[in-house]
Amino acid sequence: MRIPETRGPVSSALFKVLVQAPASSAADLDALHAMVAGQLALAADIIGHEDIQLSLFSLYELHYSGLDGVADDWEWEPGLIRIRRMIEEPFEKALREAARKVGREHGVPATGAFTGSQLPGGNPTSDDVARILFDLAASDTGPSVSRYVARKASLEQLKEFLVHKSVYQLKEADPHTWAIPRLTGRAKAALVEIQADEYGGGRPERMHSALFARTMRGIGLDDSYGAYVDSVPAVSLASVNLMSLCGLNRRLRGAITGHLAIYEMTSSQPNRFYGNGFRRHGFDAGVTHYFDEHVEADAVHEQIAGRDLAGGLVEAEPELLGDVLFGATAVMAIDSRLSAHLLGSWESGKSSLRAAVPVAA
Amino acid sequence: MNQEQPETTENGAGEPAASSIVVCPDGPLIVRGEFEIVTPSGGPVPRDRKTVALCRCGASAIKPYCDGTHKMIKFRTERPAG
Ligand code: FES
């Protein structure tokens with residue numbers, strides 16, 4: 001993807017560094033470092049911070065398919081990794097705070113306080129973990145974007161919905177794939193089984209990212225990767241940054257499995273509603289197939305992700321239960337914030353995208 | 001580094017069975033391995049993935065597959081022993 005539009009001093013300084021060769025950028029890298037430190041100190045709400053979320057998103061992008069005109073060598077340049085970690089630390093702190101709040105609201109049991117079938121030492125079994133996660137997903141009764149999409153969304157709002165999703169869905173499954181070599185045994189086999197399905201079972205045209213691209217084309221949107229990054233607000237970027245954070249840091253392998261489990265568990269019914277929203281506007285299977293496919297796929301994946309992936313990991317490494325629940329509640333926290341933004345905008349007749357960035361249709 | 005796989009099904013020869021069915025509490029049957037899904041007359045039921053979830057609550061809109069509706073209707077099964 002091309003380098004995004006800047007959103008403030010941090011992204012300006014970052015992109016200025018990235019277009020140079022790593023060897024000749026020492027002075028600008030130092031300036032960037034000072035700039036990030038200063039701006040982080042001022043940031044009251046890092047999850048909703050346009051400049052910082054875009055900068056983190058762009059730094060992560062170097063580990064996916066890169067940015068046009070940016071040297072591949074930047075990916076592991078220590079000075080840049082240091083800056084990424086400077087941003088990750090307060091971002092993770094804010095996520096943990098938001099996740100704890102969701103955990104309290106939804107009655108997530110404190111780690112080490114389980115009842116039911118337990119392994120010696122009081123550790124939960126994989127079935128216990130699956131049940132905790134399913135209960136958590138079921139308790140998510142916040143405002144529903146899927147019902148709005150099904151019943152009320154205008155064509156323009158459907159396009160906006162796809163634009164927000166496109167930032168992740170055009171690389172669907174990639175952040176969780178980072179976790180495969182960090183897992184062993186049952187959890188690893190489970191993740192590979194889910195990801196193989198996400199990637200189309202060997203058929204590139206059936207990859208979920210390819211199905212999503214087809215949906216975008218079918219409604220007249222640009223399906224090239226990253227085409228709408230400039231259009232989406234910080235919280236949409238934060239939802240993808242959460243996955244990259246948990247996927248790229250091995251110590252957060254518990255969190256990425258909890259993330260995937262909740263993601264799958266809160267997906268099959270909403271996808272039916274999303275499909276209905278597009279059918280209501282007269283779109284056929286060419287556009288709705290992505291959603292219809294997810295109704296069936298995620299009903300399989302939620303079982304495997306809850307029991308074998310997250311549950312299998314906790315049986316193997318019981319100390320990771322807390323992080324599994326962190327990943328699960330963090331995605332709920334960010335999602336409910338994004339939902340509130342979408343519904344709040346739409347119900348007051350406004351665009352949910354960034355001002356002055358119209359969607360070409 | 002590999003963990004034990006206690007739930008692997010084994011036949012008499014001590015080899016893993018060609019397929020397995022996971023009985024999910026309050027949910028579907030997850031079927032993986034080598035198998036066919038056929039209509040009563042033997043024709044193939046369309047199938048898009050290797051591992052499938054078969055509905056056992058009766059409420060799915062995409063039977064024989066599960067679509068997650070069991071959660072909305074609060075389908076409950078006995079906890080399998082053990
Ligand atoms: S078992 Fe899932 S819908 Fe019936």
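The values are calculated or read from the model by the stated rules, or taken from the named source; none is laboratory data. From a predicted model like this one, the values you see are computed outputs, not experimental measurements. A quick note on method: Cβ atoms are made from the backbone with ideal geometry, for glycine too, and the neighbour counts reach across all protein chains shown. Note: areas computed on protein heavy atoms with side chains; ligands, DNA, RNA excluded. Shrake-Rupley method; radii C 1.70, N 1.55, O 1.52, S 1.80 Å.
Which whole-number percentage describes the relative contact order of chain A, with Cα contacts under 8 Å and a sequence gap of 6 or more?
Numbers: 497 pairs, mean separation 86.1, N = 361.
The value is 24 percent.
In plain terms, the chain from A:ALA41 to A:ARG214 could stretch by 58.0 nm, reckoned as 0.36 nm per residue minus the Cα-Cα distance.
Applied to region A:24-39, the Karplus parametrisation 6.51 cos²θ - 1.76 cosθ + 1.60 on θ = phi - 60° returns per-residue 3J(HN,Hα) values of 10, 10, 3, 5, 5, 5, 4, 5, 4, 4, 5, 5, 5, 4, x, 6 Hz, with x for Gly and Pro.
For chain A, the spread of Cα coordinates along the three principal axes comes to 59, 51, 41 Å, biggest extent given first.
Please get the size of the charge dipole for chain A, origin at its Cα centre, with Cβ charges of +1 on Lys and Arg and -1 on Asp and Glu, quoted in debye to the nearest 20. Show your work: numbers first, answer last.
Numbers: 35 positive and 46 negative charges, 125 e Å.
Dipole size: approximately 600 debye.
Express the carbon and sulfur contribution to the solvent-accessible surface of chain A as a percent, rounded to the nearest whole number, probe 1.4 angstrom. Mind dumping the intermediate values first?
Numbers: 7330 of 13700 Å².
It is 54 percent, rounded to a whole number.
Residues whose amide H comes within less than 5 Å of that of A:VAL70, counting only those at least five positions distant or on another chain, are absent (H built at 1.01 Å from N in the peptide plane). Phi-derived couplings, Karplus 6.51 cos²θ - 1.76 cosθ + 1.60 at θ = phi - 60°, listed residue by residue for region B:21-30: 10, 9, 8, 7, x, 6, x, x, 9, 8 Hz, with x used for Gly and Pro. For region A:163-227, the solvent-accessible area works out to 34 Å² per residue, with a probe of 1.4 Å and every protein chain left in place.
Express the relative contact order of region B:19-82 as a whole percentage, based on alpha carbon pairs under 8 Å and six or more residues apart in sequence.
Details: 92 pairs, mean separation 21.3, N = 64.
It rounds to 33 percent for region B:19-82.
Each label point was placed 7 Å from the Cα along the Cα-to-Cβ direction; for A:HIS281 and B:ASP48 their separation is 2.1 nm. One way to sum up the overall shape of region A:1-153 is the equivalent ellipsoid from its Cα gyration tensor, whose semi-axes run 39, 21, 16 Å, largest first. Label separation (A:ARG82 vs A:ALA138): 5.1 nm, computed from points 7 Å beyond Cα along the C-beta direction.
Taking 30 Å as the straight-line reach from the Cα of A:LYS350, the lysines in range (excluding those fewer than 8 positions away in the same chain) are A:LYS101, A:LYS152, A:LYS159, A:LYS165, A:LYS171.
Label sites at A:ARG2 and B:SER41, each approximated as a point 7 angstrom past Cα along Cα to Cβ, lie 5.7 nm apart. With a/c under 1.5 counting as rounded, go ahead and sort region A:220-307 into rounded, prolate or oblate using the C-alpha gyration tensor (a ≥ b ≥ c being the square roots of the eigenvalues; past the cut-off, prolate if a/b is larger than b/c, else oblate). In terms of gyration-tensor shape, oblate.
Compactness of region A:9-90 is given as radius of gyration and Dmax, 11.8, 34 Å, from Cα positions.
For B:TYR65, the residues whose modelled amide H falls within less than 5 Å of its own, excluding neighbours fewer than 5 places apart on the same chain, are B:CYS55.
Surface burial for A against B, with a 1.4 Å probe and both sides summed, reaches about 2200 Å² of accessible area.
Suppose R0 equals 35 Å. What FRET efficiency, 1/(1 + (r/R0)^6) with r the Cβ-Cβ distance, do A:ASP73 and A:ASN249 give to the nearest 0.05?
Numbers: r = 21 Å, r/R0 = 0.61.
After rounding, the FRET efficiency stands at 0.95.
Computed over chain A with a Gaussian network model linking Cα atoms closer than 10 Å, the most mobile of A:GLU92, A:GLU77, A:GLU172 is A:GLU77.
The alpha carbon convex hull volume per residue for region A:192-261 rounds to 116 Å³.
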